[in-house]
Amino acid sequence: MDNQNIVIRVATPEDVKYTTAIINEIEESAKARGTGIAKRSPEYIEQKIDEGKAVIAITDQNEWAGFCYIETWGHGEYVANSGLIVAPAFRKSGVAKSIKQKIFNLSKQKY
């Protein structure tokens, strides 16, 4: 990583262009770790973005660096932060920690 500035923010409809990269990285990371992380469809990720329930990390070069979304059930009674993924080039740089803080604050704000 070339010391790029990374902005962590609530995802907007413009960010759906990163959906394929996000779901591919979720799948690749699950395979590499041998974990059973649920595969998400592009429509599912796009829905989270459209609902304002997602946080994205973007570099100043418009490269996605990380992503996470809010999952709810029980008519909003239960809330979890889910699908946290950081692009390999940005791992071990504090991006995940920043995303977690932003998604936690968004969850508190919405629920």
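With 0.36 nm allotted per residue and the present C-alpha distance subtracted, the Lys31-Val16 stretch has 3.0 nm of extension available.
Computed about the Cα centre, the dipole magnitude for the chain is approximately 480 debye when only Lys and Arg (+1) and Asp and Glu (-1) carry charge, each at its Cβ. Only one residue of Gln47, Ala11, Phe90 has its Cα farthest out toward the positive end of the dipole of the chain, where Lys and Arg carry +1 and Asp and Glu -1 on Cβ, and that residue is Phe90. Counting only lysines at least 8 places from Lys92 when in the same chain, those with an alpha carbon closer than 17 Å to its own are Lys100. Using 0.36 nm per residue and subtracting the Cα-Cα separation, the extra length available between Leu84 and Phe104 on full extension is 6.0 nm.
Taking the protein heavy atoms of the chain in the context of the full set of protein chains, the accessible area attributed to carbon and sulfur is 47 percent at 1.4 Å. Taking all protein chains into account, the per residue accessible area for the chain stands at 60 Å² (1.4 Å probe).
Close amide H partners of Leu84, meaning residues 5 or more places away or on another chain with modelled amide H under 5 Å apart, are Tyr69.
3J(HN,Hα) along region 72-85: 10, 8, x, 6, x, 6, 10, 9, 9, 9, 9, x, 5, 9 Hz, from the Karplus curve 6.51 cos²θ - 1.76 cosθ + 1.60 with θ = phi - 60°, whole Hz, x for Gly and Pro.
Here the relative contact order of the chain, from alpha carbon pairs under 8 Å that lie six or more residues apart, stands at 27 percent.
Note on Lys39/Glu77: beta-carbon distance plugged into 1/(1 + (r/R0)^6) with R0 of 22 Å gives a FRET efficiency of 0.25. Accessible surface of Trp73, taken over heavy atoms with a 1.4 Å probe and every protein chain present, rounds to 130 Å². Sorting the Cα pairs of the chain by distance into bins of 5 Å, from 0 upward, gives 2, 12, 24, 25, 21, 11, 4, 1, 0 percent per bin.
The values are calculated or read from the model by the stated rules, or taken from the named source; none is laboratory data. All of these numbers come straight from a predicted model, not from anything done at the bench. Cβ atoms come from the backbone with ideal geometry, glycine included; neighbour counts cover every protein chain shown. When the accessible area is computed, the model is the full protein with side chains, heavy atoms only, and any ligands, DNA or RNA have been set aside. Shrake-Rupley method; radii C 1.70, N 1.55, O 1.52, S 1.80 Å.
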